[in-house]
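The values are calculated or read from the model by the stated rules, or taken from the named source; none is laboratory data. In this text the structure is predicted, and so the values were computed from the model without any measurement. So basically every Cβ, Gly included, is an ideal-geometry build from the backbone, and we count neighbours across all protein chains shown.
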Amino acid sequence: MNTSEEGAPTLPGEDSEDAVTIKPVRAVDPQADAATVFWDGCARREFWLQHCTTCDAWQFYPRSLCSHCWAPTSALEWRRPGGGAVVESFSVVHRGSGAFAAHAPYVVALVRFDEGPVMMSHIVGLDIDLGCGVGAVGDVTGIGAVAIGDRVELEFAELAGRTVPVFRAVGTGVG
């Protein structure tokens, strides 16, 4: 992938001296690993999703073809979504494992971006009141901090040695 001196993507195949810097849209390089492009963007705290110019659909997770119409890589481009999303489902992790054990309890959620794709991520900044007594393992009735339909906004956090996209609750309900 070609980049300008500032690290912004440029049109593939152009020399850096006369390259055109592209801010909102990037062509998907068929030689680049899509996951690497995604994680490199996250490391810069930039969130990019793939968009198909054939069927006008957004997709997550990054792939080498459109998951909606099967268009080839040449029809895909990287775009920056607005960052707004809605909680579709969630779970409270009471006992994390590995690098996440110290973060428990935490919320893992499926969130739907305003542009359409669904992503699994953490919801951060919640005051999780487990409300669990002895023998009430798994009782999450006391959460009260997140609900299906809540609005969330994209941000980034350092977890397990990597900059990852996470979400923060910004409002209740979709309507």
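What are the residues in the stretch 94-111 that are surrounded by fewer than 17 Cβ atoms within 10 Å (Cβ to Cβ) and under 15 Å from ALA147 (Cα atoms), if any?
The answer is VAL108, LEU110.
Name every residue in the stretch 159-175 that is over 17 Å from PRO105 (Cα atoms) and either at pLDDT below 95 or surrounded by fewer than 18 Cβ atoms within 10 Å (Cβ to Cβ) (or both), in order of residue number.
Taking the stretch 159-175 as the starting set, the residues that turn out to be over 17 Å from PRO105 (Cα atoms) are 161-165, 170-175.
If the condition is that a residue be over 17 Å from PRO105 (Cα atoms) and either at pLDDT below 95 or surrounded by fewer than 18 Cβ atoms within 10 Å (Cβ to Cβ) (or both), then GLY161, ARG162, THR163, VAL164, VAL170, GLY171, THR172, GLY173, VAL174, GLY175 are the ones that fit.
Answer yes or no: is there a residue in the stretch 45-56 that is among the polar types (S, T, N, Q) and over 12 Å from PRO117 (Cβ atoms).
So far as the stretch 45-56 goes, yes, one or more of its residues are among the polar types (S, T, N, Q) and over 12 Å from PRO117 (Cβ atoms).
I'm trying to understand the selection: among the residues of the stretch 41-73, which are free of Cβ contacts under 8 Å to residues at least 60 places away in the same chain, of a type in the set (Gly, Ala, Ser) and under 22 Å from GLU153 (Cβ atoms)?
The answer is GLY41, and nothing else.
Any chance the stretch 36-52 includes a residue that's modelled with pLDDT of 90 or more, outside the structural domain of LEU110 (by TED's automatic domain parsing), farther than 22 Å from SER121 by Cα and of a type outside the set (Asp, Glu)?
yes
When only residues in the stretch 43-87 that are among the aromatic types (Phe, Trp, Tyr) and not in a strand (DSSP E or B) count, which is farthest from the chain's Cα centre (by Cα)?
Step by step, filter the stretch 43-87, then rank; the result is TRP70.
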